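I have placed the structure first, in the form of structure tokens, so that the comments after it can refer back to it.
The values are calculated or read from the model by the stated rules, or taken from the named source; none is laboratory data. Please read these numbers as outputs of a predicted model, since none were measured by experiment. Cβ sites come from the backbone with ideal geometry, for glycine too, and all protein chains shown count toward neighbours. Quick note on the areas: whole protein, heavy atoms, side chains included, nothing else; ligands and nucleic acids left out. Shrake-Rupley method; radii C 1.70, N 1.55, O 1.52, S 1.80 Å.
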Protein chains: 2
Amino acid sequence: MSEERAFNFSAGPAVMPLPVLKKIQEELLCLPGCGASILEISHRSKQFGEILARTKQNVKDLLGVPDNYQIMFLQGGALTHFAMLPMNLLRSTGKSGNYLVTGNWSKKSASEAKTQGKVDVVWDGKAEGYVRKPTDDEIKLTDDALYCYFCANETIEGIQYPREPKVDVPLICDASSEIFSRPVDIEKYGVLFACAQKNAGPAGVVLVIMRDDFVEMSGDDLPSMFSYKKLAEKDSMLNTPPTFGIYSMALVTDWLKEQGGLEAMAALNREKASLLYDAIDGSNGFYRVHGQKEYRSVMNVSFRTPSEELDKEFQEEAKKVGLTNLNGHRSVKGERASIYNAMPREGVVALRDFMVDFAQKKG
Amino acid sequence: MSEERAFNFSAGPAVMPLPVLKKIQEELLCLPGCGASILEISHRSKQFGEILARTKQNVKDLLGVPDNYQIMFLQGGALTHFAMLPMNLLRSTGKSGNYLVTGNWSKKSASEAKTQGKVDVVWDGKAEGYVRKPTDDEIKLTDDALYCYFCANETIEGIQYPREPKVDVPLICDASSEIFSRPVDIEKYGVLFACAQKNAGPAGVVLVIMRDDFVEMSGDDLPSMFSYKKLAEKDSMLNTPPTFGIYSMALVTDWLKEQGGLEAMAALNREKASLLYDAIDGSNGFYRVHGQKEYRSVMNVSFRTPSEELDKEFQEEAKKVGLTNLNGHRSVKGERASIYNAMPREGVVALRDFMVDFAQKKG
């Protein structure tokens, strides 16, 4: 390594586990038994087949996915699936997609869905500034609801559902920024999907977990690559899948199992988040959090100092001591510390110490 | 490197330049100036912005792309664009896509296009067994043709256009398996596209070069990720692009420039192909080529021995001496040696020598 690695708080693409990066590096010229790089082998090869099967099994084990769900590794980022889901589910059934809009990502998803079918936004946090999630009592579904869509964690606003909404129809969840960070009760879901580049691997692969009856809803008129049914039938190999992304996800999920699985990750993630939120709450108002307390995200700690000048200074000083990419999203401003699974506890401690110091000096 | 690298004749994902793999390996834990891996940095970062700009400039330089064309780095493999192209071009204009069907890939593209608009297959080589491309005289376009679609090189059948078809409408070309292998006269094209995993990088990124008036044809009703217009407006960054694939393509195109560009590659590729075809033609009929002589592919040498038993033996013996993945596609059988840009001349010489020996022993 010719250079020092920083503690990288990027919201995504984001930090990956160092042992995973080292393994990728070690095998990059020659994957064992292949005589070639993972970048160079056919998706139809025996070796890649084993990698695909292992990744699926890891996902199944970690999330407790029942047998009546398909596990797919697709492309296009979450944004593609914002449109593909209603294209497959609403067009053929004529039913409504019910959406809970709690920030930038769920708003965008509802907007893409409207190009494909009937969409009802049944709760919208915009007037309050996207500072919280709805309570179960506030959610009134339409009679023709096929699913209730929600974004588990809004990365930009830094707000997260403490648990999934309780409704009478299957849930569809964009779990992009919290997948594998805590256990999930998959049986409540029709679809759970996540782009990889936050908690599951590099950009370029999207994990889609879909209940069989949802898979079957795809209309026969869809192009092959836009049909979950056809993609599931070919086990994500209708054409060349993003082989490197899947290989990386195999290594990330191997690592998660070694760490003790999702219960262990959830405990560590809660502790990491508490370190920062406690520092914020103990700063006598120097730092303020964007979201309401009970909806604070365990993954993305979004906060600000008393002024934009101090925000700028905070980020510049932090960078000098190896704490990078702490800038908030341009729509919310301030700071954002993304502390996904792969962010080590010592990175969070270093940031916490820096925050306490900075508040003492500037407060 | 714990293991010996073989000469890998895989049709795709396929061999990459060794200096490129070594650079990826060297930078994998820490991209210079980032304190993080290319897998971990934001697509909005200054460093990634520079990589994207460099890749575009390299593509522009290598292929001589004029200013009135957009260069995009998208996802979903060629198969996604088989449907997306007519979705963007035929739906809004009501015109016809004219297709030249010369093998598996162009056939599949016409079939996907039919889900989106009017498609006319104006030449089909099926009856002859896909052994050649049409001559210019044989191509009769329809009056409402918006474009003439062709697949420059059919990997499975191993047949290639000596030059692009001469027609009165803009061409759309699937150049997946020959991009960067020879110069192209882009001004004849409305669209030239190629998945990366043969000649341009790893699986997971698709290069799309599209003339401005074609970009403008996208209907406003399309979901964002399915609209070339919206993708072009955001410079391939409507959402997180496949950052690692683009970085790899930057390195591959850097390498191509170092090799002397596409004229130099074309000369080397012709010479490499001649080594194999000369051995085949000099084998007294032991080896036979699938395609007709003037359409033989410079990229994929598709041939067979006198029997399926000998084919099997050929592949097994070759593997023992480090010549791997020589099996033909399941639909054509026999052998296929894919000798893309990154296959070194010595790999081709080693295969040629093996072929001569094998024919002498078994012929």
The residue that is surrounded by the fewest Cβ atoms within 10 Å (Cβ to Cβ), considering only those in segment B:326-341 that are small (Gly, Ala, Ser) and modelled with pLDDT of 95 or more, is B:334
Run residue B:295 past the list (1) under 26 Å from residue A:46 (Cβ atoms); (2) surrounded by 15 or more Cβ atoms within 10 Å (Cβ to Cβ) and report the number of the one that doesn't hold. (1)
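One line per residue, one yes/no per condition, for (1) more than 9 Å from every other protein chain (Cβ to nearest Cβ); (2) open to solvent by 10 Å² or more (accessible area, probe 1.4 Å); (3) small (Gly, Ala, Ser); (4) out of contact with any strand residue (DSSP E or B) (no Cβ under 8 Å at 6 or more places or on another chain):
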| site | (1), (2), (3), (4) |
| --- | --- |
| B:80 | no, yes, no, no |
| B:85 | yes, no, no, no |
| B:95 | yes, yes, no, no |
| B:102 | yes, no, no, no |
| B:114 | yes, yes, no, yes |
| B:119 | yes, yes, no, no |
Which residues, counting only those in segment A:213-222, are among the hydrophobic types (A, V, I, L, M, F, W, C), more than 14 Å from chain B (Cβ to nearest Cβ) and in contact with a Lys or Arg (Cβ under 9 Å, 6 or more places away or on another chain)? A:215, A:217
Taking the residues in segment B:39-78 that are closer than 29 Å to residue A:72 by Cβ and of a type in the set (Ser, Thr, Tyr) as candidates, determine which candidate is nearest to the other protein chains (Cβ to nearest Cβ). B:42
List the pairs whose first member sits in segment B:306-325 and is within 14 Å of chain A (Cβ to nearest Cβ) and buried (at least 18 other Cβ atoms within 10 Å of the Cβ), whose second member is among the β-branched types (Val, Ile, Thr) and in a loop (DSSP other than H, G, I, E, B), and whose Cβ atoms are under 9 Å apart, counting only residues at least 6 apart or on separate chains? B:325/A:41
Scan segment B:350-361 and report the pairs whose first residue is basic (Lys, Arg) and whose second residue is open to solvent by less than 60 Å² (accessible area, probe 1.4 Å), with Cβ atoms within less than 8 Å and a gap of 6+ or a chain change. B:352/B:275; B:352/B:276; B:352/B:279
For segment B:310-349, which residues satisfy the criterion of being over 26 Å from residue B:264 (Cβ atoms), charged (D, E, K, R) and touching a helix residue (DSSP H, G or I) at 6+ places or on another chain (Cβ under 9 Å)? B:313, B:317, B:333, B:335
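A quick yes/no check of all residues on (1) surrounded by 23 or more Cβ atoms within 10 Å (Cβ to Cβ); (2) within 11 Å of chain A (Cβ to nearest Cβ); (3) not aromatic (Phe, Trp, Tyr):
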site	(1), (2), (3)
B:190	yes, no, yes
B:195	yes, yes, yes
B:205	yes, yes, yes
B:211	no, no, yes
B:224	no, yes, yes
B:230	no, yes, yes
B:235	no, no, yes
B:241	yes, yes, yes
B:245	yes, yes, yes
Every pair of residues 6+ apart whose Cβ atoms lie under 8 Å, when the first sits in segment B:217-239 and is within 11 Å of residue B:74 (Cβ to Cβ) while the second is basic (Lys, Arg) and outside any loop (DSSP other than H, G, I, E, B): B:238/B:230
Counting just the residues of segment A:45-68 that are open to solvent by 30 Å² or more (accessible area, probe 1.4 Å) and touching a residue at least 40 places away in the same chain (Cβ under 8 Å), which one comes out farthest from residue A:190 (Cα to Cα)? A:54
Is segment A:315-338 home to any residue that is more than 21 Å from residue A:8 (Cβ to Cβ), assigned to a strand (DSSP E or B) and β-branched (Val, Ile, Thr)? no
Go through segment A:265-289 and give me each residue that's open to solvent by less than 40 Å² (accessible area, probe 1.4 Å) and more than 18 Å from the chain's Cα centre (by Cα). A:275, A:276, A:277, A:279, A:280, A:283, A:286, A:287, A:289
For segment A:12-37 the number of residues that are open to solvent by less than 20 Å² (accessible area, probe 1.4 Å) and within 25 Å of the chain's Cα centre (by Cα) is 9
Scan segment A:342-358 and tell me whether some residue there is over 30 Å from residue A:165 (Cα atoms), of a type in the set (Phe, Trp, Tyr), open to solvent by 10 Å² or more (accessible area, probe 1.4 Å) and not assigned by TED's automatic domain parsing to the domain that holds residue A:175. yes
In segment A:1-38, which residue that is β-branched (Val, Ile, Thr) and over 25 Å from residue B:320 (Cα atoms) is farthest from the other protein chains (Cβ to nearest Cβ)? A:20
If you go through segment A:156-184, how many residues are within 26 Å of residue A:15 (Cα to Cα) and either touching a residue at least 40 places away in the same chain (Cβ under 8 Å) or buried (at least 20 other Cβ atoms within 10 Å of the Cβ) (or both)? 19
